[in-house]
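Student: Below you'll find the structure I mean.
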Amino acid sequence: MPTTRDRSGHSRDDRPSGSSGHRPVLLQDVITSLQPTPGQAFIDATLGGGGYARALLERLRPGGILLGLDRDASALERFALEPVPPDVTVMLEHTNFAQLDRAAERIGRQVNGVVFDLGLSSLQLDDPERGFSFQADGPLDMRLDRSEPWTAANLLNREPESELRRILREYGQERWGTRIAQRIVERRRRAPLKTTRDLVDIVAGAIPRGAWPRDIHVATRTFMAFRIAVNRELEAIEKGLKAAIEVLASGGRVGVVSFHSLEDKIAK
Ligand SMILES: C[S@@+](CC[C@H](N)C(=O)[O-])C[C@H]1O[C@@H](n2cnc3c(N)ncnc32)[C@H](O)[C@@H]1O
């Protein structure tokens, strides 16, 4: 039973970020819809700051199992340092949730629930070195998994203009995608794009001031679009959701928290 939320296609970059990046209301909704109970097995496919995982663990004890996945190794490293109640089993795996079925083999039985909290954690967003934020200058990286080779800088400096346009239109629903793609290509003929500031300046110059959105930063859609493309996020969601259904026990539930209309469409 997918529980999907979509707030008009805005990325998580628009939302206020708390220390763990979560609004308790969503956490509560997830717990209410997934109904974890003692002894059950759950997968948190997007461990992030561990807010959902901690809440699940409390309800799975005693005797339950939680497998936490993340594409970002630093999320797992942080969580591994946290104290865990002695009467539950925690397993952590650095993997793309597209391979969730393979990871789930470690549990040794079908699971009662899987949760996907899609997007970025505030820990990722707030670190300029990760290149996700238009608010602070940093390298054009945007990889969720830093062991993968393809960065936003590679994409922006190498993909043909038509592909940049498609990404902006399709993933960002950016109506100024044609102009932004043109400006990126013009700029990289002179010098490669290197920083998030380079990209913000291009977007701000490509969209006429009067057409800047009022409720979000002018570069929000562009950053979201390129992040989705760098990480092939939609492909991962499609595979991950199918895999989650495969590993579910009878009566099990899948919860999806999403703030993007394309993710929402796939989940539904
Ligand atoms: C919004 S955060 C999750 C926050 C988490 N629910 C919490 O309570 O802190 C999303 C996390 O999912 C991870 N992620 C995104 N796509 C992924 C994928 N395909 N496979 C595994 N992890 C992914 C990101 O690296 C990020 O840490």
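The values are calculated or read from the model by the stated rules, or taken from the named source; none is laboratory data. Bear in mind that the values here come from a model prediction, so they are computed numbers and not experimental data. Glycine also receives a Cβ, built like all others from the backbone with ideal geometry; neighbour counts cover every protein chain displayed. Quick note on the areas: whole protein, heavy atoms, side chains included, nothing else; ligands and nucleic acids left out. Shrake-Rupley method; radii C 1.70, N 1.55, O 1.52, S 1.80 Å.
Student: Being crowded, with 19+ Cβ neighbours inside 10 Å, among the hydroxyl-bearing types (S, T, Y) and touching a Leu at 6+ places or on another chain (Cβ under 6 Å) narrows it down to one of S133, S121, so name that one.
Tutor: S133
Student: Let me confirm something: among D127, D145, D117, which residue is in contact with an Asp or Glu (Cβ under 7 Å, 6 or more places away or on another chain), within 16 Å of the ligand (Cβ to nearest atom) and charged (D, E, K, R)?
Tutor: Being in contact with an Asp or Glu (Cβ under 7 Å, 6 or more places away or on another chain), within 16 Å of the ligand (Cβ to nearest atom) and charged (D, E, K, R) holds for just one of D127, D145, D117, which is D145.
Student: Could I ask something else about it? Starting from the stretch 216-245, keep only residues that are outside any helix (DSSP H, G or I), then list their pairs with residues that are among the acidic types (D, E) whose Cβ atoms are within a distance under 7 Å, requiring at least 6 positions of separation or different chains.
Tutor: Cβ pairs passing all conditions: I216/D14.
Student: I'd like the full set of residues that are in a helix (DSSP H, G or I) and among the polar types (S, T, N, Q), limited to the stretch 153-174.
Tutor: Scanning the stretch 153-174 gives N154, N157, S162.
Student: For the subset of the stretch 58-76 comprising residues that are among the aliphatic types (A, V, I, L, M) and surrounded by fewer than 23 Cβ atoms within 10 Å (Cβ to Cβ), which member is farthest from the ligand (Cβ to nearest atom)?
Tutor: Among those residues, the one meeting the criterion is I65.
Student: Does at least one position in the stretch 44-57 carry a residue that is within 14 Å of the ligand (Cβ to nearest atom), surrounded by fewer than 22 Cβ atoms within 10 Å (Cβ to Cβ) and in a helix (DSSP H, G or I)?
Tutor: Within the stretch 44-57, one or more residues are within 14 Å of the ligand (Cβ to nearest atom), surrounded by fewer than 22 Cβ atoms within 10 Å (Cβ to Cβ) and in a helix (DSSP H, G or I).
Student: For the stretch 147-173, which residues satisfy the criterion of being open to solvent by less than 10 Å² (accessible area, probe 1.4 Å) and out of contact with any strand residue (DSSP E or B) (no Cβ under 9 Å at 6 or more places or on another chain)?
Tutor: L155, L156, L164, I167, L168, G172
Student: Can you go through V203, V257, V218 and tell me which one is of a type outside the set (S, T, Y), open to solvent by less than 20 Å² (accessible area, probe 1.4 Å) and over 25 Å from D137 (Cβ atoms)?
Tutor: V257
Student: Between a residue in the stretch 126-139 that is closer than 15 Å to V203 by Cβ and any residue that is among the charged types (D, E, K, R), which pairs come within a Cβ distance under 6 Å, given they are 6 or more apart or on different chains?
Tutor: Between residues of the stretch 126-139 that are closer than 15 Å to V203 by Cβ and residues that are among the charged types (D, E, K, R), the close pairs are G131/D141; D137/R197.
Student: Restricting attention to the stretch 226-251, which residues are open to solvent by less than 20 Å² (accessible area, probe 1.4 Å), over 29 Å from D198 (Cβ atoms) and of a type outside the set (A, V, I, L, M)?
Tutor: G240 - this is the single residue of the stretch 226-251 that is open to solvent by less than 20 Å² (accessible area, probe 1.4 Å), over 29 Å from D198 (Cβ atoms) and of a type outside the set (A, V, I, L, M).
Student: Go through (1) more than 28 Å from L76 (Cβ to Cβ); (2) within 16 Å of the ligand (Cβ to nearest atom) one by one and return the number of the condition R169 breaks.
Tutor: Unmet condition: (2).
Student: Still on this structure: What is the number of the single condition among (1) in a helix (DSSP H, G or I); (2) within 24 Å of the chain's Cα centre (by Cα); (3) closer than 23 Å to L125 by Cα that D201 does not meet?
Tutor: (2)
Student: Follow-up. Quick one: is I266 open to solvent by 10 Å² or more (accessible area, probe 1.4 Å), touching a Ser or Thr at 6+ places or on another chain (Cβ under 9 Å) and closer than 30 Å to F42 by Cβ?
Tutor: When the stated conditions are applied, I266 passes them.
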